[in-house]
Amino acid sequence: MNDTTHAVQASTIKQTLDQLKANIGKVIKGKDEVIDQVVICLIASGHLLIEDLPGLGKTTMAYCLARSIECTFSRIQFTSDLLPSDVIGVSIYDESVKEFVFKRGPIFANILLADEINRTTPKTQSALLEVMDRSKVSVDGQTHTVAAPFMVFATQNPADYEGTFPLPESQLDRFLMRIQMGYPAYEKELEILNNGLLRYDSIQPNPVVTRADIQDIQRLVPLIYVEESVLHYILKLVTATRMESEFRAGVSTRGSLSLKLAAQAAALADGRSFVIPDDVGNVVLPVFTHRLSLHRQTSDTLEERRIVQSLLQRIIDAVPTPV
């Protein structure tokens with residue numbers, strides 16, 4: 001496929017994704033940047049962690065995304081007594097066939113909302129590791145594949161420590177991006193008040209993109225061209241995090257691959273068949289922030305996040321951008 005064909009295809013994909021963003025934007029008011037990041041994470045075949053206060057539309061965002069792309073949606077409310085079998089499923093003996101039959105759990109959906117994921121125990125959190133990494137679940141020696149596209153859309157409240165279990169680094173590393181919703185602007189919140197809908201499932205956005213379309217786009221993302229100087233730029237950013245004395249450890253190789261993939265998805269969403277340095281700059285914070293922690297203790301999670309983001313921004317400003 002020549003460069004002109006790639007460019008035409010990327011332009012068509014941009015129109016499709018713009019239509020998807022606009023459809024979500026009819027419900028999620030005034031959050032264009034957040035919607036952009038959600039769509040980038042989706043087409044990069046990644047998983048998303050939204051860390052913010054309750055009541056800001058995290059669940060509604062996940063539901064609208066699933067409805068807009070004709071995908072199945074499942075919500076799991078994570079609690080301290082939730083078991084791995086409640087998430088994955090369990091084998092039950094079927095008297096009629098005289099054998100054990102696997103009863104699928106809520107994890108078998110295209111868009112899985114893991115609500116307040118840090119309220120469950122590490123044992124149950126770890127039940128998501130395999131499916132987030134390989135889109136497969138192993139139970140009793142049998143492997144079960146989840147339907148594509150598959151995306152874990154997890155939420156957690158950063159300000160409430162009581163009854164929570166912080167996500168281990170291995171779990172955090174499976175999320176391509178971590179973002180925040182933030183409060184809506186005054187005018188947009190007024191629109192929400194006028195609408196008056198509190199239940200996310202009372203909102204029924206029409207599908208505007210097919211599941212097959214999303215799968216086709218996901219297959220194209222790794223093919224987006226990344227010039228050698230941009231690869232060096234990515235690696236210099238990663239290396240700088242490893243040299244920063246404030247961080248307990250730098251970004252891993254998985255993190256550098258994630259940044260490349262997110263930049264490729266950002267380029268395609270912008271209608272290009274090649275990555276530019278701005279694509280990297282636009283996604284580096286949501287891709288890197290949750291992969292880094294500080295040596296020193298901070299007063300709370302929000303404060304640590306602010307410090308990490310500040311240090312990352314300093315690194316971004318210091319690393320020369322390729323021309």
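The values are calculated or read from the model by the stated rules, or taken from the named source; none is laboratory data. Source: prediction; values computed, not measured. Virtual Cβ from ideal backbone geometry, glycine too; neighbours counted across all protein chains shown.
Per-structure values
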read-out: Residue in region 255-267 that is closer than 27 Å to residue 132 by Cβ and surrounded by fewer than 15 Cβ atoms within 10 Å (Cβ to Cβ) present; value: yes
read-out: Lone qualifier among 50, 88, 69 - being surrounded by 16 or more Cβ atoms within 10 Å (Cβ to Cβ) and within 20 Å of residue 158 (Cα to Cα); value: 50
read-out: Among residues of region 286-319, those that are touching a residue at least 24 places away in the same chain (Cβ under 8 Å) and not β-branched (Val, Ile, Thr), counted; value: 17
read-out: The one condition in (1) touching a residue at least 24 places away in the same chain (Cβ under 8 Å); (2) assigned to a helix (DSSP H, G or I) that residue 209 fails to fulfil; value: (2)
read-out: Within region 8-35, considering residues that are closer than 17 Å to residue 69 by Cβ and of a type in the set (S, T, N, Q), the one modelled with the lowest pLDDT; value: 12
read-out: Filter pass, residue 302 being within 17 Å of residue 178 (Cα to Cα) and surrounded by fewer than 17 Cβ atoms within 10 Å (Cβ to Cβ); value: yes
read-out: Long-range neighbours under 9 Å by Cβ, at least six apart or interchain, first residue under 10 Å from residue 13 (Cβ atoms) and among the charged types (D, E, K, R) within region 214-227, second surrounded by 13 or more Cβ atoms within 10 Å (Cβ to Cβ) and at pLDDT below 95; value: 216/13
read-out: Verdict on residue 11 being surrounded by fewer than 22 Cβ atoms within 10 Å (Cβ to Cβ), in contact (Cβ under 8 Å) with a residue 40 or more places away in the chain and over 27 Å from residue 143 (Cα atoms); value: yes
read-out: Tally of residues being in contact with a strand residue (DSSP E or B) (Cβ under 8 Å, 6 or more places away or on another chain), of a type in the set (Val, Ile, Thr) and more than 19 Å from residue 137 (Cα to Cα) across region 81-97; value: 0
read-out: Extreme residue, surrounded by the most Cβ atoms within 10 Å (Cβ to Cβ), among residues of region 229-254 that are more than 21 Å from residue 310 (Cα to Cα) and touching a Pro at 6+ places or on another chain (Cβ under 9 Å); value: 230
read-out: Meets criteria (of a type in the set (D, E, K, R), out of contact with any Leu (no Cβ under 9 Å at 6 or more places or on another chain) and modelled with pLDDT of 80 or more) for residue 173; value: yes
read-out: Residue within region 262-285 that is within 23 Å of residue 118 (Cα to Cα), of a type in the set (Ser, Thr, Tyr), in contact (Cβ under 8 Å) with a residue 60 or more places away in the chain and not assigned by TED's automatic domain parsing to the domain that holds residue 13 present; value: no
read-out: Residues that are assigned to a helix (DSSP H, G or I) and either aliphatic (A, V, I, L, M) or outside the structural domain of residue 155 (by TED's automatic domain parsing) (or both), drawn from region 14-44; value: 17, 20, 22, 24, 34, 35, 38, 39, 40, 42, 43
read-out: Positions within region 46-103 being farther than 18 Å from residue 23 by Cβ, touching a residue at least 24 places away in the same chain (Cβ under 8 Å) and small (Gly, Ala, Ser), in sequence order; value: 46, 74, 80, 89, 91
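Residues are listed down the side, and each one gets a yes or a no for (1) in contact with a Leu (Cβ under 6 Å, 6 or more places away or on another chain); (2) of a type in the set (Phe, Trp, Tyr); (3) assigned to a helix (DSSP H, G or I):
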residue: 249; (1), (2), (3): no, no, no
residue: 255; (1), (2), (3): no, no, yes
residue: 258; (1), (2), (3): yes, no, yes
residue: 266; (1), (2), (3): no, no, yes
residue: 272; (1), (2), (3): no, no, no
residue: 278; (1), (2), (3): no, no, yes
residue: 282; (1), (2), (3): no, no, yes
residue: 303; (1), (2), (3): no, no, yes
residue: 306; (1), (2), (3): no, no, yes
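Residue by residue, here is whether (1) within 25 Å of residue 22 (Cα to Cα); (2) in contact with a strand residue (DSSP E or B) (Cβ under 8 Å, 6 or more places away or on another chain); (3) among the small types (Gly, Ala, Ser) holds:
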{"residue": "169", "(1), (2), (3)": "no, no, no"}
{"residue": "177", "(1), (2), (3)": "yes, yes, no"}
{"residue": "186", "(1), (2), (3)": "yes, no, no"}
{"residue": "191", "(1), (2), (3)": "yes, no, no"}
{"residue": "194", "(1), (2), (3)": "yes, no, no"}
{"residue": "211", "(1), (2), (3)": "yes, no, no"}
{"residue": "231", "(1), (2), (3)": "no, no, no"}
{"residue": "235", "(1), (2), (3)": "no, no, no"}
